[in-house]
Structures are given as C-alpha cells and as structure tokens.
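Read the structure below first, then the notes.
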C-alpha cells in the first residue's frame, strides 16, 4: 500500500522526497479523476454545442480596469496558504512525520505565509496594471457551457465532498457523535452517493442560474461520472482506506504479513487469535465471510488482499515496522475497490460508445443511473458496511440509495420521451 506519494516514489524509484508525504494517495487519485472527467465533460458539451443542443449566454465584463480589492485579497489568501502550510511543512521539523495532522492543524510558518501572500497579491496587481486602459470599457462576451466546466467541477467538488462527509456521518453516527469535528474534517470516510446527491442538487441550481438545460448537462456528465468513480476507486485500493470487502476465509496472513492459503481450522485459529480486533471492528464476533480460492490461474490478490501498510492503520502491526502505516489485516478480504475499478471502466466504455446513438434527452443519464445502481448494489453484497435494521431487512445505506437510483433510472428512461430541449442553430 502507498498511503502517500512518498512511498510510491520510494518503492518505484528508490528516492526519498519528504515533501511528497503531503500528497495523500487517495486525494491524488480523486484529484486526477476530477481533471480527467472534466476533460471528458468538456468534449461532450462541445459535441452537444455542435449539434445545436446547447448554446451560449452573454456576459458583460469590464476590460482595462485596475485590480479589485476582492482579486487582491483572494490572491493574498492563496499565497498565504501556500506559504503557511506547504512551505511551512518543509521548515517545521515535525510536520512531515504526520502530514495529515499537520495539514488539519493550526501549525504553519506565519512569516512565509505573509511573504507569499503579499507576493501573490503584488503579481495580480502588476498583471492587471499592465492591461489597464486609460478608460476601462465594458464588453459583451459569449460564454458557452464548456467554458463553465471549471465552475462545474468546483461546485461538484465542494458540495460533493460536503455530501460525502454528511452521508458518511449518518452511516457512522456513533463515531460522529464521539468526535464530530474530527469526523467532518478527516480525509477518510467518504460516501460516494452522498457526494453525488448533494453535488447534483447544487448543479441543478447552477444550471438554472446560467440557462443550461439541466438534463443535457446530466447526459453529458454521465460517462464522466462513471469514469470519475472508477478512477477514484484506484485511490481507495492504492491507499487502503478501509473501503474493502468481507473476509475471504480461504486466506490468512502469516507472521511476516504475507497472505497464504488456509484451511477451515487455520481460519478459525486466526479469527480467535485476533478476536479483540475483529470484535471491536464489527461490534460482534459473528463475522460475515466467504471462502473463495483463486481459479483459472488468476493471482491470489484478485480474491483476497490484506492491505499491508494501509492508510487507516487497520489490523495488526508488522513486528519490524516503526512509525505510521505499519498495519496489515490478519485475514484476507475481498479487494472490492479493485472490482469496482474494472467494472466502472467497462461501464464507462459502454456509455461512451452508445452516447451518440441515443438522442432522446435524459436517456443516457437514465442508463447511467441504472448501471451505477446495479454495480453498487451487487458489490455491497461482499463489502463491509454499516447495516440498518427494519422490517426484517438489513440493508446498507448504499443498497438503499443504489436501489433508488435503479428505480429512478427506469422511470427517467421511459419518461424521457416527454422531455423536449430547446433547439439552437448548430455551431462548429
């Protein structure tokens, strides 16, 4: 496992660049998924523009004016954060020993923060001053939907992260009650469907404000959403963030932390030897598990993985390891993030192939809802998650939401025949 990029570069290239400890592996892949998905969304919005489905809005801007107070303050703030935290991390001896705690703390280098803040503000003032006109003038420009992708991504990121944390807190209510602030600002514990729901609501109001047909944006975003989910799951797998499956009783870890095949008796002994960990982890000693051995010559890690050096420090410690990230799972689990990576990349390819063939507004997004819901519903059968108890059922939060997405997708698919989008002249 690679909790942050420091370990990636150390393992692959043999270099130890301490500054890379600031870049969490999970966060890196989430950021990468946003960048690549933004590019995919831009391509789709341009295609819909060329087909006359989307058009521009007009905006009045002031050209040749001096830098505003808001612009100077924003640039000062960005410079201050970079100097205070990022540069400060290299100047404070203990910062890189626990980068996550440092980033979320009030620690930093104040003089460097002020210095870079003033520098950033000065650069913005100089840039605007060079373009300054004797008499500033107003100009009307055309803003196309693809020009707003940056804003769309920022809205999706902010409200998506907030929704992911809120829904995760609802799912892990006891942990949230015991430490509400720590739970909300920590980098772990993100619920995808919470992010999807809250980001969708925010973008609905954003499209209304900027006269973009919401259903057209949904259709354009469907392939990008599937791809983003798959790429984000790479971060879960690489970092070992606790988002894994139930126990595979066919494999246990030996004293060196290596996975080996196990008999029923060996599995039972491993379970008993780690009774304290599992009873604490699952709040009961009745633990769900399946026994599946590798087949067709496929590697064992496709069926079971013990997530050595995972970022959440789950499991038992390596005997010869010191510091952070020294834990591994005593019994192998199904690597569900890996399964979701494969499935979502395949489903992205499906959506990308059919997107031009289905012209009814809303249907591509309806298909996305159905496919995403089905994928998540079935993966939940072998994932570790909090279960609710009502009417004799024990569903997880994700099972409830994925079921709702499937039903919503089916309803939207048939209702979409009634959706009419405004037609605009095609633009090349």
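Among the residues of the range 17-30, those identified as in a helix (DSSP H, G or I) and surrounded by 15 or more Cβ atoms within 10 Å (Cβ to Cβ) are 20, 21, 22, 25, 26, 27, 28, 29, 30. Only a single criterion out of (1) assigned to a helix (DSSP H, G or I); (2) farther than 25 Å from residue 24 by Cα; (3) touching a residue at least 24 places away in the same chain (Cβ under 8 Å) is not satisfied by residue 133, namely (1). Kindly list the number of the only condition in (1) under 30 Å from residue 328 (Cα atoms); (2) out of contact with any strand residue (DSSP E or B) (no Cβ under 8 Å at 6 or more places or on another chain); (3) buried (at least 16 other Cβ atoms within 10 Å of the Cβ) that fails for residue 14. Only one criterion in (1) under 30 Å from residue 328 (Cα atoms); (2) out of contact with any strand residue (DSSP E or B) (no Cβ under 8 Å at 6 or more places or on another chain); (3) buried (at least 16 other Cβ atoms within 10 Å of the Cβ) is unmet by residue 14, namely (3). Of all residues in the range 396-419, those being more than 18 Å from residue 371 (Cβ to Cβ) and in contact with a helix residue (DSSP H, G or I) (Cβ under 8 Å, 6 or more places away or on another chain) number 3. For residue 116, the criteria (1) over 30 Å from residue 20 (Cα atoms); (2) more than 24 Å from the chain's Cα centre (by Cα); (3) surrounded by 13 or more Cβ atoms within 10 Å (Cβ to Cβ) hold in every case but one, which is (1). Restricting attention to the range 307-344, the residues being surrounded by fewer than 16 Cβ atoms within 10 Å (Cβ to Cβ) and part of a helix (DSSP H, G or I) number 1. Within the range 31-48, does at least one residue satisfy the condition of being in a loop (DSSP other than H, G, I, E, B) and either exposed (fewer than 15 other Cβ atoms within 10 Å of the Cβ) or modelled with pLDDT of 90 or more (or both)? No, the range 31-48 contains no residue that is in a loop (DSSP other than H, G, I, E, B) and either exposed (fewer than 15 other Cβ atoms within 10 Å of the Cβ) or modelled with pLDDT of 90 or more (or both). Of the set (1) outside any helix (DSSP H, G or I); (2) in contact with a strand residue (DSSP E or B) (Cβ under 7 Å, 6 or more places away or on another chain), all apply to residue 270 but (1). For the criterion of being under 17 Å from the mean Cα position of the chain (by Cα) and touching a residue at least 12 places away in the same chain (Cβ under 8 Å), residue 80 fails.
Among the candidates 295, 303, 267, the residue that is over 27 Å from the mean Cα position of the chain (by Cα) and closer than 21 Å to residue 343 by Cβ is uniquely 295.
Being part of a helix (DSSP H, G or I) and without any contact (Cβ under 8 Å) to a residue 12 or more places away in the chain, is that true of even one residue in the range 354-377? No, there is no match, as no residue in the range 354-377 is part of a helix (DSSP H, G or I) and without any contact (Cβ under 8 Å) to a residue 12 or more places away in the chain. Only one of (1) over 30 Å from residue 417 (Cβ atoms); (2) under 12 Å from the mean Cα position of the chain (by Cα); (3) modelled with pLDDT of 90 or more fails for residue 225. Which number is that? It fails just one condition, (1).
Within the range 252-267, residues that are assigned by TED's automatic domain parsing to the domain that holds residue 316 have Cβ atoms under 8 Å from residues that are surrounded by 12 or more Cβ atoms within 10 Å (Cβ to Cβ) and assigned to a helix (DSSP H, G or I) in these pairs: 252/266; 252/267; 252/270; 253/270; 259/300; 259/301; 261/300; 262/270, counting only partners at least 6 apart in sequence or on another chain. Scanning the range 89-107 for residues that are in contact with a helix residue (DSSP H, G or I) (Cβ under 6 Å, 6 or more places away or on another chain) and in a helix (DSSP H, G or I) yields 89, 95, 96, 99, 102. Note on the range 201-235: residues that are outside any loop (DSSP other than H, G, I, E, B) and in contact with a strand residue (DSSP E or B) (Cβ under 7 Å, 6 or more places away or on another chain) amount to 0.
One line per residue, one yes/no per condition, for (1) modelled with pLDDT under 95; (2) over 11 Å from residue 226 (Cα atoms):
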| site | (1), (2) |
| --- | --- |
| 335 | no, yes |
| 340 | no, no |
| 347 | no, no |
| 352 | no, no |
| 356 | yes, yes |
| 363 | no, yes |
| 370 | no, yes |
| 374 | no, yes |
| 380 | yes, yes |
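Would you pick out the residues in the range 288-306 that are touching a helix residue (DSSP H, G or I) at 6+ places or on another chain (Cβ under 9 Å) and assigned to a loop (DSSP other than H, G, I, E, B)? Passing the criteria: 288, 291, 293, 294.
The values are calculated or read from the model by the stated rules, or taken from the named source; none is laboratory data. These numbers were taken from a predicted model, which means no experiment stands behind them. Counting neighbours? That spans all protein chains shown, and the Cβs are built from the backbone with ideal geometry, glycine included.
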